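The values are calculated or read from the model by the stated rules, or taken from the named source; none is laboratory data. Small disclaimer: the values here were computed from a predicted structure and weren't measured. So basically every Cβ, Gly included, is an ideal-geometry build from the backbone, and we count neighbours across all protein chains shown. These accessible areas exclude ligands, DNA and RNA; they are computed on the full protein's heavy atoms, side chains included. Shrake-Rupley method; radii C 1.70, N 1.55, O 1.52, S 1.80 Å.
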Amino acid sequence: MATEGGGKEMNEIKTQFTTREGLYKLLPHSEYSRPNRVPFNSQGSNPVRVSFVNLNDQSGNGDRLCFNVGRELYFYIYKGVRKAADLSKPIDKRIYKGTQPTCHDFNHLTATAESVSLLVGFSAGQVQLIDPIKKETSKLFNEENSCQHLWKADWNEDRQDEGSKTSEEALVTVQRLIDKSRVTCVKWVPGSESLFLVAHSSGSMYLYNVEHTCGTTAPHYQLLKQGESFAVHTCKSKSTRNPLLKWTVGEGALNEFAFSPDGKFLACVSQDGFLRVFNFDSVELHGTMKSYFGGLLCVCWSPDGKYIVTGGEDDLVTVWSFVDCRVIARGHGHKSWVSVVAFDPYTTSVEEGDPMEFSGSDEDFQDLLHFGRDRANSTQSRLSKRNSTDSRPVSVTYRFGSVGQDTQLCLWDLTEDILFPHQPLSRARTHTNVMNATSPPAGSNGNSVTTPGNSVPPPLPRSNSLPHSAVSNAGSKSSVMDGAIASGVSKFATLSLHDRKERHHEKDHKRNHSMGHISSKSSDKLNLVTKTKTDPAKTLGTPLCPRMEDVPLLEPLICKKIAHERLTVLIFLEDCIVTACQEGFICTWGRPGKVGSLSSPSQASSPGGTVV
């Protein structure tokens, strides 16, 4: 067990940490893993991922958890801080042959106590739609009729090994017609019961409809829209088939994407080091950013849609303003690549006049739902309401977190002195209304930019046969469904950077870190934009990639080693924080004041592996 204080605990696992709002504590009995609790040998395997869904059942325990470990996929009742985990009773368990699950996502709109739709992406390029409650497989996408077998394993107490494969689950192709590369990210389109988006390590994204087939021949594409560093094609076919759209974005793998809280915009991060933000319906590029070094691996939106945070191979977290289309801060605390970034909507705070006082996850956000997009929308709605109805100064602090391959969890606060570049940077917080500090980015031809969060619209109506029906926003310049093919290359939205020249030299971070210096050798041959190479030495110091001294440098509130293996999951829930590492242990950290006495099942023992 980790010791409190002393000089030798640097490499020991922490089981609790304290922030301004109180004590966060690891709950050992709420740890989820494979039933045998043996650390997974993660060599050569895909990252462990976790997905949550709330089934809104009448029992009050509707939370469900899905996670992948190696070739296995588990589906459990998630009891959180209330009760200890019972690993002997997974609702569903699957073992796959010839491929590994890499990512997954629940459809929160259609989830009920009797049925839930779960998308699973695989290392060989397939996407499977399953119902772990009914234990059914609905469809398989990106496949051909010639096949190998994909197996389902029914688990019980008598058969816990891989030899317990009992039923043939589905057919998976040896030759995939749409994309043969690994699935890196899969998500349901917000507000839709049938549309979903899939990203691959090839650098392409595909829009699917669960109601349509993929066809028995390779798809033929027709250019729909083209811009600098991206192109979008429709599938040319007599009858509607998948994929509905093919996006080609940047160079190298497309590592992750995230929809804005209102579902109108899409942020993508790629191995070429670029963040690209698109209007999803009109397929127009809103803005872009370049990493300080190497590829970008993860991305997330603030609950009100005003800010985007990225992390990657430069060991940094970078905060980008959606409205101003510019980097407003960087954070340095990790010693290796940053694998996940996420905002905490329950600790993001709004106060009037007086300086911030943190209150954890208390009454201000009790109206938030446990999971899904509604949670972010509730926080966003609250921030927007303050902006539109109250002329008094407000103080806004955004809390976000990050985990990395250095096995560390970092928590960060984004405060007013960072949000207001017009004013001198200082440790004293200002009280200007941050919600009014929005202006159109330079070069936008005077058109105001609508932040994806100033007002929360109802879920966007989405067509079930996208190429044949209009899907548009009222403010969009054009729609992907207008059938028009772009005749030229559209320009990047001009990025604005304030003309202030003051140099804000931050003292060096006390921790040892591995961020490399920018040099001509730092170009990893993936930094390409369309047909011309982007020289890192030329982007450094521009609005695409400001120098370190040109933007504020954040230091983490806390930076704690919490695992033996690299961390791959960080999810903020109302009463806890969920993390996971590559050994296959999913850990629950109770928020201040949210930890009660847990009733542990009889078989519960001290969890083996990561955290004790």
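Seen from V340, the other residues with C-beta closer than 10 Å to its C-beta sum to a net charge of 0, counting Lys and Arg as +1 and Asp and Glu as -1.
Report, as a whole number in µm² per second, the diffusion coefficient that Stokes-Einstein gives for the stretch 103-144 at 4 °C and 1.567 mPa s using the Kirkwood radius over alpha carbon pairs. Taking Rh from Cα pairs, D becomes 121 µm²/s.
Annotation: amide H-H contacts under 5 Å for T15 (H modelled 1.01 Å from N, sequence separation of 5 or more, or interchain): A2.
Around the amide H of T102, modelled in the peptide plane, lie the amide H atoms of G121, F122, S123, all under 5 Å away and 5 or more residues distant in sequence or on another chain.
Over the C-alpha atoms of the stretch 20-79, the Rg to Rh ratio, Rh being the Kirkwood estimate, stands at 1.04. Panel values: the stretch 263-340, Kirkwood radius from alpha carbon pairs, Stokes-Einstein at 4 °C and 1.567 mPa s, translational diffusion coefficient 105 µm²/s. Under 5 Å between amide hydrogens, built in the peptide plane, is the criterion, and for T568 it picks out A580, C581, Q582 among residues at least 5 positions away or on other chains. Averaged over residues, the count of other Cβ atoms within 10 Å places the peptides 228-239, 296-307, 334-345 in the sequence 296-307, 334-345, 228-239, highest first. Think of each Lys and Arg Cβ as +1 and each Asp and Glu Cβ as -1; about the Cα centre, that makes the dipole of the stretch 58-143 roughly 280 debye. In the complete set of protein chains, residue-level accessible area for T102 is approximately 10 Å², probe 1.4 angstrom. Nonpolar atom fraction for the stretch 68-151, defined as the carbon and sulfur part of the 1.4 Å probe accessible area, stands at 48 percent. Here the peptides 207-215, 119-127 are ranked by packing, the mean other Cβ count within 10 Å, and the order with the highest first is 119-127, 207-215.
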